[in-house]
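Undergrad: This structure is in structure tokens; I'll ask about it shortly.
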Amino acid sequence: MPVFRHLLSLEGMGRPQIEAFFTRAAEFEAGGPHKAPLAGRLVANLFFEPSTRTRSSFEAAAKALGADVLNWTVAGSSASKGETLLDTVRNIAALGPFAIIIRHQASGAAAFAAANVPCSVINAGDGRHEHPSQGLLDTYTLWRRWKTFQNRRVLVVGDVLHSRVVRSNLHALKALGAQVALCGPRSLVHDGWAALGAQVDTDLDRSLEGVDAVMVLRVQRERMADAFFASEREYHQRWGLSAERAARLKPDAVVMHPGPVNRGVEIAPEVADGPRSLILEQVRNGVFVRMAILESVK
Amino acid sequence: MTALLLEGARVIDPAGGEDGQRDVLIVDGRLAAPKSATPTERRDVSGCWVFPALTDLRCVLRVQDDVADALAGGFARLIADPSSARGLKADGLELRFAAEVTRGTELGERALEAPCLSSGFAPIATNGLLRRALQHAERKVVMLHAEDVTLTAGAVVGEGTTALRLGLTGAPPESEVAAVAAALAVLEGTGGRLHFSHLTCRGSVERIAQAKRQGLSVTADATPHHLRDDDAKAEGYGLEARVWPPLRSRADVEAVKKAAIDGTLDAVATDHKRPSILEREHPFEMAAFGKLSLRTAFADVVAAGVPAARAVALFTVGPAAVLGLTPPSLGAGQGADLAVFDPQANRMRYTILQGASR
């Protein structure tokens, strides 16, 4: 297992490194013997934004490895209370964790923390930048089925603009050899993504042709100060993964969503709960992948 | 009597139409004709450029170190942004303060002694207010930060691949170009003297060139960093790129540099602004904008590829023309305010103000 000082992004990570995470996660999933390698050590969860699954998943992973978990939830912005991020992370580092797992509303917050504390930093989502553990668990979920990403086509549909998940997935999928396409309203899927190696299209029906996996992104209403599309009804009609659209997919194509789901907006409930859906498997796999992550940072 | 002789310099004096090799003699704080006095001190400045000390059209002065930076950077005259601290020691510099052109949605009070009116680092709220500001200013120059804020909501860098990868909101060039076009339309109808601060885009300088051909009373400046650095400077959330207006694409940088060289732009202004420690204890998006620039401004413009004589003009006769002031020169009889620049090391050697080294 490669050792990382921090896990801040998947950009620049090579296929062997990513696959090493998969191999280790699979060992944990198989219940392979491990003797609480992190027993007596402390992990700090530092969440500036609400999160259910990521925080719980890291906590479950840390406990499975024998670590103690300190949960530090910041209600609202600490800056508004006069405490700077620098001050907060230094205070938490002073409690002696070997790693700080940080989620923050600002892009670059994890890198900023990493530059200012003596322990490891794991990015659990920074603004619109990256969400590397989500990218690893999503690709792990596909890797378990496919083993190779050669000739696989993955479509990411939805609110690409506000998504940190899409960047991590794009970098990982490209490194693993998959083809990646993005689809959504032009206000949410910038043409500039082509420069990062993704195909870009606004037509969902055309984009769905021949894909092996569809990653549906959440419409992040809380991040939208302006109107990016006319209405949720229109959004569902043009970019929602409806039952009819799902029925036209290749027989073995799968559907994913990083959660939480706006059921009936970006994805129809019967698709989210249907046979193609890997949504709950993603959540389950998240624990094993995060165990591999926690074990890899030193 | 003291008579200081600077020997072997390349003298660049745009106001005097001079660019060539000669010695410079300073007698009792004033420039004197060569050989008009016997030197009491000689300094070898061969290989260096000697030119009139520089003028900065816009900087934010917060602490005494900012004045020290200006002296080290070859400046004699600073037009400080209205947000600057008052009461700093001038140390021989001429410190003047731009007046606020507006305060919120109202006109700012017109300070008679102010060299110009400035909107600083934010636009004038509406075109209606700009129109009244141009009327109210009565030939005093109005310095405008051109930005359509409906196109820059949440933006901290220029739009581009770097912004996309880093997950930062990028301001599109049209946020500036649209504001420049609108302000020029107001100027054309209203009259008055308008100056555009820190232009950054090809579309903006094209519109300035056109407005000048049309005969409008308009001038414009750019900063050293916008002549040199593109939006990729933000890689790794580097705070050197945390400036406002933001850094743009390479094509825009090249267009702005070309405009600085060909005279479309009249001046370089530093936008020097020293962030406080507290303002930088946040991630990139939440960190305050601003960078130190006074100390290296001239060297940065030269490093960007602007020819020596033009670089000097952009910091001397250019800003003087914008403000309607007498252009500084190195003619005999003038007060000896000059800068000595070492092009090999690409740094300012020293500044002489009123004949005294600083």
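Undergrad: Show me the trypsin sites (Lys or Arg not before Pro) within the range B:92-122 that DSSP assigns to loop and that have at most 15 other Cβ atoms within 10 Å of their Cβ. Numbers along the way, then the final one.
TA: Numbers: sites: B:ARG96, B:ARG103, B:ARG110; in loops: B:ARG110.
Qualifying residues, ordered by number: B:ARG110.
Undergrad: I would also like to ask the following. Would you kindly calculate the mean projected area, averaged across all directions, of the convex hull enclosing the Cα atoms of the range A:132-278, in square nanometres? Display every interim value, and only then the final one.
TA: Numbers: hull surface 31.5 nm².
If I average the Cα hull's projected area over directions, I get 7.9 nm².
Undergrad: Once phi is turned into ³J(HN,Hα) by the Karplus curve 6.51 cos²θ - 1.76 cosθ + 1.60 with θ = phi - 60°, what whole-Hz value does each residue of the range B:349-354 show in order, with x for glycine and proline?
TA: Karplus values, whole Hz, x for Gly and Pro: 6, 7, 10, 10, 10, 6.
Undergrad: Continuing with this model, one more query. If you fit an axis through the alpha-carbon atoms of helix B:202-214 and take the longest principal axis of the Cα set of chain B, what angle between them do you get, 0 to 90°, nearest 10?
TA: Compared with the principal axis, the helix lies near 70 degrees.
Undergrad: Can you tell me the order of B:121-130, B:223-232 when each peptide is scored by its average per-residue count of other Cβ atoms within 10 angstrom, highest first?
TA: Details: B:121-130: 17.3, B:223-232: 23.5.
Put in order of decreasing packing, that is B:223-232, B:121-130.
Undergrad: Further question: Add +1 for every Lys or Arg and -1 for every Asp or Glu among the other residues with Cβ under 11 Å from the Cβ of A:LEU278, and state the total. Kindly include the intermediate steps, with their values, before the conclusion.
TA: On the way: positive: A:ARG144, A:ARG145, A:ARG276, A:ARG284; negative: A:ASP138, A:GLU281.
Once all neighbours under 11 Å are counted, the net charge is +2.
Undergrad: Moving on to the next point. Over the alpha-carbon set of chain A, work out the extent along each principal axis and list the three values in angstrom, largest first.
TA: In descending order, the Cα extents are 53, 46, 34 Å.
Undergrad: Same structure, new question: Counting other Cβ atoms within 10 Å, which GluC sites (Glu not before Pro) in the range A:256-298 have at most 13 and lie in a DSSP loop?
TA: Numbers: sites: A:GLU266, A:GLU270, A:GLU281, A:GLU295; in loops: A:GLU266.
Answer by residue number: there is no such site.
Undergrad: As I understand it, the value is the acute angle between the Cα axis of helix B:250-262 and the longest principal axis of the Cα atoms of chain B; what does it come to in degrees, rounded to 10?
TA: Approximately 40 degrees, to the nearest ten.
Undergrad: Using amide H atoms built 1.01 Å from N in the peptide plane, name the residues 5+ places from B:THR219, or on other chains, whose amide H lies under 5 Å from its own.
TA: B:LEU194, B:HIS195, B:PHE196
Undergrad: Using a ≥ b ≥ c from the Cα gyration tensor of the range B:54-323 (square roots of the eigenvalues), is it rounded, prolate or oblate, where a/c under 1.5 gives rounded and otherwise the larger of a/b and b/c decides, a/b for prolate?
TA: On the way: a/c = 1.25, a/b = 1.08, b/c = 1.16.
Note, shape of the range B:54-323 comes out rounded.
Undergrad: Just to confirm the filter: which GluC sites (Glu not before Pro) across the range B:120-194 are DSSP coil and have at most 12 other Cβ within 10 angstrom of their Cβ?
TA: Working: sites: B:GLU138, B:GLU147, B:GLU159, B:GLU174, B:GLU176, B:GLU188; in loops: B:GLU138, B:GLU147, B:GLU159.
Of the GluC sites (Glu not before Pro), the ones in loops of the range B:120-194 whose Cβ has at most 12 other Cβ atoms within 10 Å are B:GLU138.
Undergrad: What are the ³J(HN,Hα) values, in whole Hz, obtained from phi via the Karplus relation 6.51 cos²θ - 1.76 cosθ + 1.60 with θ = phi - 60°, for each residue of the range B:63-71 in sequence order, with x given for Gly and Pro?
TA: 9, 4, 4, 5, 5, 4, 4, 5, 5
Undergrad: For A:ARG128, which sequence-distant residues (separation of 5 or more, or a different chain) have an amide H within less than 5 Å of its own amide H, given hydrogens modelled in the peptide plane?
TA: A:SER107
Undergrad: Per the helix-only calculation at 222 nm, which mean residue ellipticity applies to chain A, given -39500 (n - 2.57) for every DSSP H run of n ≥ 4 and division by its residues, nearest 500 deg cm²/dmol? If you can, show how the numbers build up before the last one.
TA: On the way: 11 runs with 110 residues, N = 298.
Helices in chain A give a 222 nm mean residue ellipticity of -11000 deg cm²/dmol.
Undergrad: Still on this structure, I have one more. Return the sequence-ordered ³J(HN,Hα) values of the range B:330-345 in whole Hz as given by the Karplus equation 6.51 cos²θ - 1.76 cosθ + 1.60 applied to θ = phi - 60°, using x for Gly and Pro.
TA: Calculated HN-Hα couplings, in order: 10, x, 4, x, 6, x, 7, 10, 8, 10, 10, 10, 9, x, 5, 7 Hz.
Undergrad: Based on the alpha-carbon gyration tensor of the protein assembly as shown and its eigenvalue square roots a ≥ b ≥ c, which shape applies: rounded if a/c is under 1.5, prolate if not and a/b is larger than b/c, or oblate? List each step's numbers first, then the result.
TA: Working: a/c = 2.66, a/b = 1.98, b/c = 1.34.
Prolate shape, in that a/c is at least 1.5 and a/b is the bigger ratio.
Undergrad: If a/c stays under 1.5 just call it rounded; otherwise compare a/b with b/c (prolate if a/b is bigger, oblate if not). Do that for the range B:112-242, with a ≥ b ≥ c from the square roots of the Cα gyration tensor eigenvalues. Numbers along the way, then the final one.
TA: On the way: a/c = 2.08, a/b = 2.02, b/c = 1.03.
Prolate.
Undergrad: So, one more: Given the rule -39500 (n - 2.57) for each run of at least 4 DSSP H residues, summed and divided by the residues of chain B, what is its mean residue ellipticity at 222 nm, to the nearest 500 deg cm²/dmol?
TA: On the way: 9 runs with 91 residues, N = 358.
Rounded to the nearest 500, it is -7500 deg cm²/dmol.
Undergrad: Which residues' amide hydrogens lie under 5 Å from the amide hydrogen of A:ARG152, considering only partners 5 or more residues apart or on another chain, with H built in the peptide plane?
TA: Answer set, sorted by chain and number: A:GLN179.
Undergrad: How high is the relative contact order of chain A, in percent, counting Cα pairs under 8 Å that sit 6 or more residues apart?
TA: On the way: 585 pairs, mean separation 64.1, N = 298.
It comes to 21 percent, rounded to a whole number.
Undergrad: Can I ask one more? Mind checking the angle between helix A:53-64 and chain A's longest principal axis? C-alpha axes, 0 to 90 degrees, to the nearest 10.
TA: 50 degrees
Undergrad: Once the other residues with Cβ under 14 Å from the Cβ of A:SER120 are scored (Lys, Arg +1; Asp, Glu -1), what is the net sum?
TA: It works out to a net charge of +3.
Undergrad: Could the peptides B:33-42, A:283-292, A:125-134 be put in order, highest first, of the mean number of other beta-carbon atoms found within 10 Å of their residues? Before the final figure, lay out each step's value.
TA: Details: B:33-42: 11.9, A:283-292: 23.6, A:125-134: 28.2.
The peptides rank, most packed first, as A:125-134, A:283-292, B:33-42.
Taken together, the values in this text are just the output of simple stated rules run on the coordinates, not laboratory data. Everything quoted here is computed from the prediction, not taken from an experiment. Heads up, the Cβs are rebuilt from the backbone with ideal geometry, glycines too, and the neighbour counts pull from every protein chain shown.
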